[in-house]
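Peer 1: This is the structure I want to talk about, given as structure tokens.
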Amino acid sequence: NFNATFMIVGLDYGRKRCGLAVANASWVFEREALPTLPQEVFFAAIQRMIETEHVTRIVVGMPYGMHSAQSNMSAEVEEFITVLREKVRVPVESWDERLTTAEAKRNLRSQEVSSQNLAKRKDSLSAKLMLESFIAAHPAL
């Protein structure tokens, strides 16, 4: 069972913005995506979230290809994770985010979300789906 004091942040890294989701023992929900540039501002926002919301872990989506091969973005995400680990004092790990963006787009289109809002929301919904997958695979957290 989940520890009630647990707070996990899920990140779906992108070159322009980072999708954001948060979870505790009771819920998982998406937050507004954060611009990834300038990096100093992005990392300061993550650090503030860790401190104010008592974040205990960060999970970053790793964009694997369909056959578990690394995708074009995998090396960039690995570099992002390396820098993130240097900037924060909570555990940071990666989790397979395969197909979460496609699923997020499908979900938002089925809700008839406008194209403009689709672009804004898909990254954070992808982070939420990835975080739900992570939690489902780790029931003893």
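The values are calculated or read from the model by the stated rules, or taken from the named source; none is laboratory data. All figures in this text were calculated on a predicted structure; none of them were measured in a lab. FYI the Cβ positions are ideal-geometry reconstructions off the backbone, even for glycines, and counts take in every protein chain you see. Just the protein is used for accessible areas: all its heavy atoms, side chains included, with ligands, DNA and RNA removed. Shrake-Rupley method; radii C 1.70, N 1.55, O 1.52, S 1.80 Å.
Peer 1: Identify, from the list R106, R57, R15, the residue that is among the basic types (K, R), more than 16 Å from F134 (Cβ to Cβ) and at pLDDT 90 or above. Break it down into steps so the answer makes sense when it comes.
Peer 2: Working: R106 fails: at pLDDT 90 or above; R57 fails: more than 16 Å from F134 (Cβ to Cβ).
Testing whether each residue is among the basic types (K, R), more than 16 Å from F134 (Cβ to Cβ) and at pLDDT 90 or above leaves just R15.
Peer 1: Continuing with this model, one more query. Restricting attention to the stretch 82-97, does a residue exist that is surrounded by 20 or more Cβ atoms within 10 Å (Cβ to Cβ), modelled with pLDDT under 90 and not in a strand (DSSP E or B)?
Peer 2: Checked the stretch 82-97: at least one residue is surrounded by 20 or more Cβ atoms within 10 Å (Cβ to Cβ), modelled with pLDDT under 90 and not in a strand (DSSP E or B).
Peer 1: Quickly run through the stretch 51-81 and pick out the residues that are open to solvent by less than 20 Å² (accessible area, probe 1.4 Å) and of a type in the set (A, V, I, L, M).
Peer 2: V55, I58, V59, V60, M62, V77, I81
Peer 1: May I ask you to list the residues in the stretch 43-79 that are part of a loop (DSSP other than H, G, I, E, B) and among the β-branched types (V, I, T)? Quick ask: steps written out before the conclusion?
Peer 2: Taking the stretch 43-79 and keeping what is part of a loop (DSSP other than H, G, I, E, B), we get 54-56, 63, 65-69, 71-73.
Answer for the stretch 43-79, where residues must be part of a loop (DSSP other than H, G, I, E, B) and among the β-branched types (V, I, T): V55, T56.
Peer 1: Every residue in the stretch 1-42 that is under 25 Å from A75 (Cβ atoms), hydrophobic (A, V, I, L, M, F, W, C), outside any strand (DSSP E or B) and open to solvent by less than 40 Å² (accessible area, probe 1.4 Å), please.
Peer 2: Step one: filter the stretch 1-42 for residues under 25 Å from A75 (Cβ atoms), giving 8-21, 33-42.
The next check asks that each one be hydrophobic (A, V, I, L, M, F, W, C); those that pass are 8-9, 11, 18, 20-21, 33-34, 37, 41-42.
Adding the requirement that they be outside any strand (DSSP E or B) leaves 37, 41-42.
Correct list: F42 only.
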